[in-house]
1. On alpha-carbon atoms, Rg over Rh for the range 286-361 using Kirkwood Rh?
2. Mind checking the full-extension length gain between residue 111 and residue 189? Use 0.36 nm per residue of separation minus the Cα-Cα distance, one decimal, nm.
3. How big is the range 64-176 along each principal axis, measuring the range of its Cα positions in Å and listing the largest first?
4. Which of 227, 431 comes first, and how do the rest follow, when ranked by fewest Cβ neighbours within 10 Å?
5. Can you pull a Stokes-Einstein diffusion coefficient for the range 230-373 at 10 °C (1.306 mPa s), Rh from Kirkwood over Cα pairs, as a whole number of µm²/s?
6. When every alpha-carbon pair in the range 73-322 is counted, what percent end up more than 27 Å apart?
7. Write down, largest first, the equivalent ellipsoid semi-axes of the range 253-292 in whole Å, where each equals the square root of 5 times an eigenvalue of the alpha-carbon gyration tensor.
8. As an exercise, use a Förster radius of 56 Å and the Cβ-Cβ distance of residue 83 and residue 332 to find the FRET efficiency, rounded to the nearest 0.05.
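Values in this text are rule-based calculations from the coordinates and carry no lab data. Note that this is a predicted model, so its numbers are computed, not measured. Every residue, glycine as well, gets a Cβ built from its backbone with ideal geometry; the counts of neighbours run over all protein chains shown.
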Ligand code: PMP
């Protein structure tokens, strides 16, 4: 427990001089949990090593992409082979056609797909397509869901905004969010009522079908059915943001698990095998509004980058190879972590809520069931900070924020889970004080 982080500290001080806040994404700062960010050196399987040589069992997994852990051999090989042929052409390749075909075969609601570089770009482009297709402006979204950092989505958003307590972002003119309507998640009555007014003007309704950005929240089936019914009724595009849940909950994503078919879907994270790649796709009639076929413009110098496509194809091939065992085992390991953490909390009489869907899970320090943004916010984030630091000292790396998910990978062993369960128990003892 005597972790030395001297080199991380030095790098952080140096980083502060050149990078705002010392980080290239605010979720990496340790602001809400106390302390300074760790600088990482390398990862192998479930283990992540910082620049001071400390090892951590990693449950961040680069915020979701690493379904097979760090540096899986088949992905490294695919990247090296692609790199040897050239890193970028800005022209069409056979591999991108293969990846698009794989995505459309695995996620049947996606008839056509465009590859982009980040989840932010995927959502921004998908919404533009939905607006172009419907000729409408308004977008309905839900509190605590995060859809990237494009202007129209930076109000009452999840992830780093809720972590840093920012209801809205500065630098976004009011005009750019005036067409965004934000409603509470899982509230069927409020949603149906709002749709009665806004439905005819709503280009799309966008949601995380399994939210991971206010911590994990379970959607009710009634809610998912209601978003499908109302969007059909009013001719709005139903857009599932599956940047996290795609290929994580099942190869067909949350839409397959819950049996609700959206009109459009955004994907990211896992489909890029740890390289910058994301996608948006959906019904062919909607996707055909995009240039060069239609009037909606969207483009990208590095879109469909050969290294990212190679990494993505390799990861999807690994998913296919492992078959349904992959998800069965992942979910069982995560359930093991859930039940042991719950048992520890019960023993300590510590009120916590654990939300888990498949291999995504969040432990909240509250006595209220967490079903939406308002109830997620009842969690005692100071306690989460204590818990986070206690686990770090025991070699377990969780997200440095209460309002995120922990992710398991295929590389996490039963032994990892056992030792993490022990660390969680000890962490909860520290929290219980
Ligand atoms: N949508 C969801 C559901 C996400 O979780 C994220 C990122 N965590 C994004 C969009 C944005 O993706 P990116 O960070 O790649 O821009």
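1. Checking Rg against Rh, the ratio lands at 1.27.
2. 24.9 nm
3. 47, 35, 27
4. 431, 227
5. Estimated via Stokes-Einstein, D reaches 89 µm²/s.
6. Within the range 73-322, distances greater than 27 Å cover 33 percent of Cα pairs.
7. Result for the range 253-292: semi-axes of 20, 18, 4 Å.
8. 0.95
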